[in-house]
Each structure stands twice: as structure tokens, then as C-alpha cells.
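Below: the structure, in C-alpha cells.
Here, each number is a calculation from the coordinates, and none is a lab measurement. This one's a predicted model, so the numbers in the text were calculated from it and none came from an experiment. FYI the Cβ positions are ideal-geometry reconstructions off the backbone, even for glycines, and counts take in every protein chain you see.
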Amino acid sequence: MDEALLTVIWVTLKLAGVTTFWLLLLGTPLAWWLSRQHSRFGAAIEAVVALPLVLPPTVLGFYLLIAMAPDAALGQTWERLSGERLAFSFPALVIGSVLYSLPFVVQPLQAAFSQLPKPLLEAAATLGANPIDQFRSVVLPLTRRSFVLAGSLGFAHTVGEFGVVLMIGGNIPGETQVLSTALYDRVESLQFDQAHQMAAGLVVFSLVLLYALYRSNGWRLSR
């Protein structure tokens with residue numbers, strides 16, 4: 001395995017790891033709030049969160065690219081704070097990946113939170129537990145497997161992204177080039193041996209992860 005491929009793998013794993021961290025950090029309170037909402041407003045937020053499931057990735061990438069441009073508010077603010085351009089950078093990949101993979105984390109957590117027995121939370125409140133204590137001592141232990149599922153799906157989905165990362169990150173070796181874009185690059189340059197190596201690795205990774213989820217969680221696509 002050459003150094004260039006190792007660099008691509010490192011950037012991919014780094015992106016997936018950072019994205020999964022932010023997905024769980026942002027997705028957990030969002031999923032909790034949605035599990036407690038039964039209004040039209042909550043349904044509208046659910047629709048926005050789920051939009052990446054049906055929206056072509058290039059559409060999301062296109063609008064993110066516009067928002068991250070140097071003359072756009074987001075791009076200007078980022079450049080003023082960091083001194084660096086946002087578009088075609090690693091932080092841009094993280095932002096796009098979080099938005100694109102959000103439903104894969106929010107939906108499993110929301111389903112788990114919705115199934116929690118309300119009497120348990122009421123009993124914890126009666127005993128004097130504040131909302132944070134209730135979440136830590138009651139909710140987390142009961143939904144531990146759902147967190148593993150959500151984190152695994154978010155990580156795997158980020159590893160397999162192509163359209164969004166290519167639109168907002170380009171294909172810069174060592175900075176924004178990940179396995180999916182590197183595979184595309186190898187095919188375009190007729191380097192089929194390396195393309196086979198990358199593609200086979202992604203297939204094995206996906207199968208192993210899904211097998212582990214099925215075995216440990218009894219997970220089904222219909223859930």
C-alpha cells in the first residue's frame with residue numbers, strides 16, 4: 001500500500017471521526033426534542049432533517065458551495081475568524097458531512113427516545129433528578145445500543161460520501177481527497193488496480209459494519 005493511499009485513508013477516517021462526533025453532539029438534543037414534539041412545527045423540522053435521504057447530494061453540495069463562497073456571509077465570517085478560505089477545505093467537508101449524514105443519526109435516536117417508558121422518567125423526576133440527571137441515569141443506559149447504531153451509521157455514511165464532498169471540498173490530495181473521490185480519480189486516470197483496491201476495501205468495510213450491527217442490535221432496515 002503506497003503512501004498516497006495511506007494519506008487518503010487517513011483523511012477519510014479523520015473526516016468520518018470528526019463528523020460522527022459532531023453528529024452525536026448535535027443530533028442527540030435534536031432527536032430528544034423531536035421525540036417530544038407532536039406539532040406541525042416538529043413535523044416540518046423532521047422533514048428538513050430527513051431531506052438528505054431523498055435530495056441528490058450534488059444539490060446540497062451546490063447550495064453549500066454558494067454559502068461558503070468568499071463573498072457569501074458564511075464564507076466571509078469564516079475567513080474573518082480563521083484567516084482561511086472555507087470552500088475547498090477540510091472544515092467545509094465536516095460541515096457538509098454533518099448536514100448530509102444527520103438523518104442517519106437523528107432518526108435512530110428519535111425512535112429510541114420515543115419508545116422510552118414515561119413512568120421511568122416521571123419516577124426519576126419524583127426522586128429529585130433534574131433533566132440532565134434523568135438523561136444520564138435513565139435515558140442513556142436504556143438507549144445505549146441506539147447510540148452505537150446511530151454513531152456507526154453516521155460514520156459509515158460519511159466514509160461513503162461522494163457528491164457533497166466533491167462539490168464543496170474538491171479533490172485536493174492530503175487535504176480534501178477521501179476514498180470516494182480518490183476512487184473516482186483513479187478510474188478517470190485508468191489506474192484500475194488501485195481503483196479495485198479501494199472499491200474492494202469499501203465493500204468489505206461496509207459488509208463488516210452492517211454484519212456487526214445486525215448481530216449486536218438485531219437491527220433491521222424497517223425499524
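Take the chain, connect every pair of alpha-carbon atoms lying under 10 Å apart with a spring to form a Gaussian network, then pick out the residue of Thr12, Thr28, Thr126 with the largest mean-square fluctuation.
Thr126
Assign one of three labels to region 1-158, namely rounded, prolate or oblate, based on the Cα gyration tensor with a ≥ b ≥ c the square roots of its eigenvalues; rounded applies when a/c is under 1.5, prolate when it is not and a/b is larger than b/c, and oblate otherwise.
Prolate.
Quick check on packing: order 165-172, 49-56, 133-140 by the mean number of other C-beta atoms within 10 Å, highest mean leading.
Working: 165-172: 20.9, 49-56: 13.6, 133-140: 15.2.
Highest-to-lowest ranking by the protection proxy: 165-172, 133-140, 49-56.
Per residue of region 162-172, what does 6.51 cos²θ - 1.76 cosθ + 1.60 with θ = phi - 60° give for ³J(HN,Hα)? Whole Hz please, x for Gly and Pro, Karplus curve as stated.
Calculated HN-Hα couplings, in order: 9, x, 5, 5, 5, 5, 9, x, x, 8, 8 Hz.
Which shape class, rounded, prolate or oblate, goes with region 69-223 when its Cα gyration tensor gives a ≥ b ≥ c as root eigenvalues, a/c under 1.5 marks rounded, and past that a/b bigger than b/c marks prolate? Please report the intermediate quantities before stating the final value.
Numbers: a/c = 3.82, a/b = 1.52, b/c = 2.51.
Oblate shape, in that a/c is at least 1.5 and b/c is the bigger or equal ratio.
According to the square roots a ≥ b ≥ c of the eigenvalues of the Cα gyration tensor, what is the shape class of region 36-85, taking rounded for a/c under 1.5, prolate for a/b larger than b/c otherwise, and oblate for the remainder?
On the way: a/c = 4.01, a/b = 1.93, b/c = 2.07.
Because a/c hits 1.5 or more and a/b fails to exceed b/c, region 36-85 counts as oblate.
Karplus couplings for region 130-142 from phi (6.51 cos²θ - 1.76 cosθ + 1.60, θ = phi - 60°), rounded to Hz, Gly and Pro as x?
3J(HN,Hα) across region 130-142, in whole Hz: 6, x, 5, 5, 4, 5, 6, 8, 10, 5, 4, x, 7.
With each run of n ≥ 4 DSSP H residues scored as -39500 (n - 2.57), what mean residue ellipticity at 222 nm is computed for the chain after dividing by its residue count and rounding to the nearest 500 deg cm²/dmol?
Working: 11 runs with 163 residues, N = 223.
Calculated at 222 nm, the ellipticity per residue is -24000 deg cm²/dmol.
Return one number: the angle in degrees, 0 to 90 and rounded to the nearest 10, between the long axis of the Cα atoms of helix 90-114 and the longest principal axis of the Cα atoms of the chain.
With both axes taken from Cα atoms, the answer is about 30 degrees.
Could you list the GluC sites (Glu not before Pro) in region 37-95 that lie in coil according to DSSP, counting only those with at most 16 other Cβ atoms within 10 Å of their Cβ?
Working: sites: Glu46, Glu79, Glu84; in loops: Glu84.
Those that pass, being in a loop and sparsely packed, are Glu84.
Return the distance in nm (one decimal) between the two label points of a simple spin-label model at Ala72 and Leu51, each offset 7 Å from Cα along Cα→Cβ.
1.2
Could you check which residue among Leu207, Leu30, Leu81 shows the biggest mean-square fluctuation in a GNM of the chain with a 10 Å Cα cutoff?
Leu81
Helix 192-217: angle to the longest alpha-carbon principal axis of the chain, degrees 0 to 90, nearest 10?
The angle comes out at about 10 degrees.
Under 10 Å, Cα contacts only: if you run a Gaussian network model on the chain, which one of Trp32, Trp22, Trp78 comes out with the highest mean-square fluctuation?
Trp78
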